[in-house]
Amino acid sequence: MASSVTFWPSAAACVAVWLAFRVYSRLQHIYALSYLPGPPTASRLWGDTFELRKSKVGTRYREWREKYGPTYLIREPLMEPVLVLGDVDGAAHVLNNTSIYWRPDIDKSILSLWKRLNPAFTRGESLQDHPSPQSVMKVSPIFFDLAYRLKEDWDDKLGSEEYVVLNVSEALHSLS
């Protein structure tokens, strides 16, 4: 009987320590990039999602870039931080430091391709707001190939099943 009395308080203490650690690590994650400038978050629950959905595609990012600079922070739902990079050096830093920032290998491939196509990368200048038609023509077959592979993958998944759950965000991330 004495052992069961000490079990429950110690189990409760372990659960409390685990919950405190989870809360602490979540708060640390949320506030990790808080020193960066960025728009005030409209909602702690929804982040900047509604603000982005209300505006035309791409216009809000342009406004925020003019106001906060090329590198700023926005929030996704549940205050998930999103680092927005409009600077070549910042993008190279994030893509090359895989121990700090996790990014898919496709991002490194696209960055190396842009380095070859856009001389601003090698000179350390900032990119133009719009790529030249020649660079778009050189890069577009790669995106068409990626989109075609994605279509084939989804056709395979959809063809044999009556009900399929597709992770669209993961698939679209491979295109960007």
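Quick look at the numbers
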| quantity | calculated |
| --- | --- |
| Highest to lowest packing among 46-56, 81-91, 12-22, scored as the average C-beta count within 10 Å | 81-91, 46-56, 12-22 |
| Amide H contacts under 5 Å for Thr71, placed H, 5+ residues apart | Gly86 |
| Hz values of 3J(HN,Hα) by residue in segment 36-52 - Karplus curve (6.51, -1.76, 1.60), Gly and Pro given as x | 6, x, x, x, x, 6, 5, 8, 5, 7, 9, x, 9, 4, 5, 4, 6 |
| Integer Hz, Karplus 6.51/-1.76/1.60 couplings in order for segment 19-31, x for Gly and Pro | 5, 4, 5, 4, 5, 4, 5, 5, 5, 5, 5, 5, 9 |
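Readers should treat all values here as calculations from the given coordinates under stated rules, not as data from a laboratory. This is a predicted model, so every value here is computed, not measured. Cβ sites come from the backbone with ideal geometry, for glycine too, and all protein chains shown count toward neighbours.
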